[in-house]
Structures are given as C-alpha cells and as structure tokens.
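K.L.:
Please find one structure pasted underneath; my questions will follow.
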Amino acid sequence: MIELTTVFDSIFSELKPVTEKLGFKADIPTNTEKGATPVFTRDASYFLAFSGEKGKIRILFNDNKIRLLTGEKDAASEDDSDYTLIASYLMILDEYDNRDLKSVINELVENINESFTPKQIAKRQQNVKAQATVSRAAVKNGSLFYDPATLAVRLATLYPELKDLYRMHLEKYDEFLCEDFFINNVNPRVYETLKENNPQKLKKLFSIINEIYADGTNEVQDVIIVTMLASYDLDGGMHQTVLDNLSDLVVEDFIKVYNILKSSKSARLRLENPPKYKPKKQKKKKSMMSALAGQ
C-alpha cells in the first residue's frame, strides 16, 4: 500500500530536475505552503503542472491511474481538453508499493524527455494547428462560435480514446470530416453512455452537449441533433433519458428531428448514406435539420 501524498512527493522530487533542465517551472496552487508539493485538486483528480516556452505538462492522478499530459504553452483548460494524453500508468494505491512507484517515475522521465525533443515539439505543433478549436473565452466575448471539431475535442475529455482517433482521422483525411468522425467514433460511445444510464457520466456528457449547442454554429447544432442524438434507435427509457438531460433550448429541435427520422424512410436513408468523401472542396452547406424537414 502507498499513500497518495507519497506518490506526488516522489514524482515531484524526481521530475523537478528533469523539467527544469527542459526549461519548465512548476505551477503553484494558491495557498500552497512553502516547501510543500504543489498538487492541484479537481473533483476526484489530483495533478502536478509545469509550464515553459516548450509547452505545458500535467501529471494527473484519478481512477487508479497516473496520466502524462502535454499541451502547448497557451493551454488553459481546466478539464484537460487542451492537452494530449502521452502515457497512462496503473497506480492502485491499495496494492502498489514504492517499487511500483519508482517504475512509473522512470517511465514518466523517459516519456517527458522524449516528448520535448525538437522533432517531437515540431510534430506536436503541426498537429495542434490542424486541430485548432474554439475556446470558451472566444465564445464568451462573442468573437467565435463552437464548431464540430471543438465538440469532438471536448467529448474526448469524457472518452479519452477519442484523442488518438481524432489525430488518426486528421492524418488520414488532412481535414476534419465531422459526419464520418461522429458516426464511426463518437456515436457508439455516446450510445453506450445512454444505455449505461450512469447519472454522473450523463451529467458530464450533456453538460458538453448543451453548452456547445447553445453557442455553436448551425453545423455543430446539426451534428448534435441529427448526426448524434436523433440517429439512435432509442428505447423508451433511453429516449426519456435524452429528454431529461437536454436543455430547453435543445429539446424542441431534438423531438422534431427524431420524429422526422422515425417516420420518414427517405430522411433516414439520407442520414445513413452521407455523400462520399471529396477532398478539400469547400462550399456552403445547407443545414441538415432544414434538409431533413424538406425546407
């Protein structure tokens, strides 16, 4: 058995010379006592944070795992959505001991050094540019609206495996094809969440959906209603779960489109057979909700 305080004390002590050599400084939470390990807390998660010109590092502990996350130097999200998962290690406090912790620390050191070689920095910056998303600050000041790529990245905070799938999707197509990505990657995971009916996970899922719908483009609203929620064959209980968790702003559109897809075979065929991929052809898209309604 090992204490969580021991885990973070040891990690911080061992990583400090490594991160300093790479040009990082530890971020210090407010009211941290002098000399204490600077651990941030968030719900049931705990993390160390380091910042520098090369980017940012988080060492996150939750769900019996230690995760290494990296981000660009302007990464600012509280929910880790601006960060990329580099590695994950089991750390079961009731079962592990100092030898297990030492092994994890050695791997953290190796992965951190590897992540911030000039080659890896250049590769990550190129990838981040391709994955540019809309921040809450930009939405709040009215300069931008949420888009489908932002929805995908935000959902990856709930389904971490989507991060790598998103990266591979961009590498394959050199652009973000939202319908393809959501149908093949996001929808099965959201459906399982609805089926599982875990209140905590549902709250997180619909918090993201309701926020992005309220301040999103027409395209991302279409993705939420048509491509995602109304596309599922929902039994009575799952349908009610969706209704109970959607905000008043979203629920009316959901009911309307869901009924159209249930009653119209041609509308469902259009949804299930989207146009074939045509690379880099840009044109203004008609709203899917309007198209399904015949408007």
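The values are calculated or read from the model by the stated rules, or taken from the named source; none is laboratory data. As the structure is a computational prediction, the values presented were derived from the model and not from experiment. Here the Cβ is made from the backbone with ideal geometry for all residues, glycine too, and neighbour counts use every protein chain on show. Side chains included, ligands, DNA and RNA excluded: accessible areas come from the protein's heavy atoms. Shrake-Rupley method; radii C 1.70, N 1.55, O 1.52, S 1.80 Å.
K.L.:
Which count do you get for residues in the range 74-94 that are part of a loop (DSSP other than H, G, I, E, B) and within 18 Å of the chain's Cα centre (by Cα)?
P.N.:
Summing the residues that are part of a loop (DSSP other than H, G, I, E, B) and within 18 Å of the chain's Cα centre (by Cα) in the range 74-94 gives 10.
K.L.:
Checking the structure you have, find out if any residue of the range 265-288 is open to solvent by 60 Å² or more (accessible area, probe 1.4 Å), modelled with pLDDT of 55 or more and not in a loop (DSSP other than H, G, I, E, B).
P.N.:
So far as the range 265-288 goes, no, none of its residues is open to solvent by 60 Å² or more (accessible area, probe 1.4 Å), modelled with pLDDT of 55 or more and not in a loop (DSSP other than H, G, I, E, B).
K.L.:
Hey, can you tell me all the residues within the range 190-203 that are surrounded by fewer than 16 Cβ atoms within 10 Å (Cβ to Cβ) and part of a helix (DSSP H, G or I)?
P.N.:
Glu192, Lys195, Glu196, Pro199, Gln200, Lys201, Lys203
K.L.:
Considering every residue within the range 80-95, establish whether at least one is open to solvent by 80 Å² or more (accessible area, probe 1.4 Å), in contact with a strand residue (DSSP E or B) (Cβ under 9 Å, 6 or more places away or on another chain) and aliphatic (A, V, I, L, M).
P.N.:
yes
K.L.:
Here is a follow-up. What are the residues in the range 9-39 that are of a type in the set (Phe, Trp, Tyr) and at pLDDT below 95, if any?
P.N.:
To start, the set of residues in the range 9-39 that are of a type in the set (Phe, Trp, Tyr) comprises 12, 24.
Residue satisfying the conditions is Phe24 alone.
K.L.:
Let me ask another. Among the numbered conditions (1) touching a Gly at 6+ places or on another chain (Cβ under 7 Å); (2) within 28 Å of Lys204 (Cβ to Cβ), tell me where Phe40 comes up short.
P.N.:
Of the numbered conditions (1) touching a Gly at 6+ places or on another chain (Cβ under 7 Å); (2) within 28 Å of Lys204 (Cβ to Cβ), the odd one out for Phe40 is (1).
K.L.:
Let me ask another. So the check is Cβ under 8 Å with 6+ separation or different chains; which pairs have a first residue in the range 96-122 that's more than 11 Å from Val7 (Cα to Cα) and open to solvent by 60 Å² or more (accessible area, probe 1.4 Å) and a second one that's modelled with pLDDT under 80 and part of a helix (DSSP H, G or I)?
P.N.:
Glu114/Gln120
K.L.:
Of all residues in the range 1-54, which are among the charged types (D, E, K, R), open to solvent by 80 Å² or more (accessible area, probe 1.4 Å) and either outside any helix (DSSP H, G or I) or in contact with a Lys or Arg (Cβ under 7 Å, 6 or more places away or on another chain) (or both)?
P.N.:
Hits for the range 1-54 are Glu3, Lys25, Glu33, Lys34, Asp43, Glu53.
K.L.:
Just to be sure before I move on: is Ile57 farther than 23 Å from Ile208 by Cβ, β-branched (Val, Ile, Thr), modelled with pLDDT of 90 or more and assigned to a helix (DSSP H, G or I) in the structure I sent? Let's see the steps before the verdict.
P.N.:
Numbers: farther than 23 Å from Ile208 by Cβ: yes; β-branched (Val, Ile, Thr): yes; modelled with pLDDT of 90 or more: yes; assigned to a helix (DSSP H, G or I): no.
Answer is no for this residue.
K.L.:
Since Ala75 meets every condition but one in (1) without any contact (Cβ under 8 Å) to a residue 24 or more places away in the chain; (2) within 17 Å of Thr5 (Cα to Cα); (3) hydrophobic (A, V, I, L, M, F, W, C), which condition does it not meet?
P.N.:
Among (1) without any contact (Cβ under 8 Å) to a residue 24 or more places away in the chain; (2) within 17 Å of Thr5 (Cα to Cα); (3) hydrophobic (A, V, I, L, M, F, W, C), Ala75 violates only (2).
K.L.:
State whether the residues of the range 159-169 include one that is among the aliphatic types (A, V, I, L, M), farther than 27 Å from Gln200 by Cα and assigned to a loop (DSSP other than H, G, I, E, B). It would help to see each step written out before you state the result.
P.N.:
Step one: of the range 159-169, the residues among the aliphatic types (A, V, I, L, M) are 162, 165, 168.
If we keep only those that are farther than 27 Å from Gln200 by Cα as well, we get 168.
Now narrow it down to the ones that are assigned to a loop (DSSP other than H, G, I, E, B): none.
Looking through the range 159-169, none of the residues is among the aliphatic types (A, V, I, L, M), farther than 27 Å from Gln200 by Cα and assigned to a loop (DSSP other than H, G, I, E, B).
K.L.:
Something else now. Give the residue, chosen from Glu171, Glu252, Glu179, that is within 20 Å of the chain's Cα centre (by Cα), exposed (fewer than 15 other Cβ atoms within 10 Å of the Cβ) and farther than 23 Å from Arg136 by Cβ.
P.N.:
Glu171
K.L.:
Taking the stated definitions as given, is Thr227 over 18 Å from the mean Cα position of the chain (by Cα) and within 14 Å of Thr150 (Cα to Cα)?
P.N.:
No.
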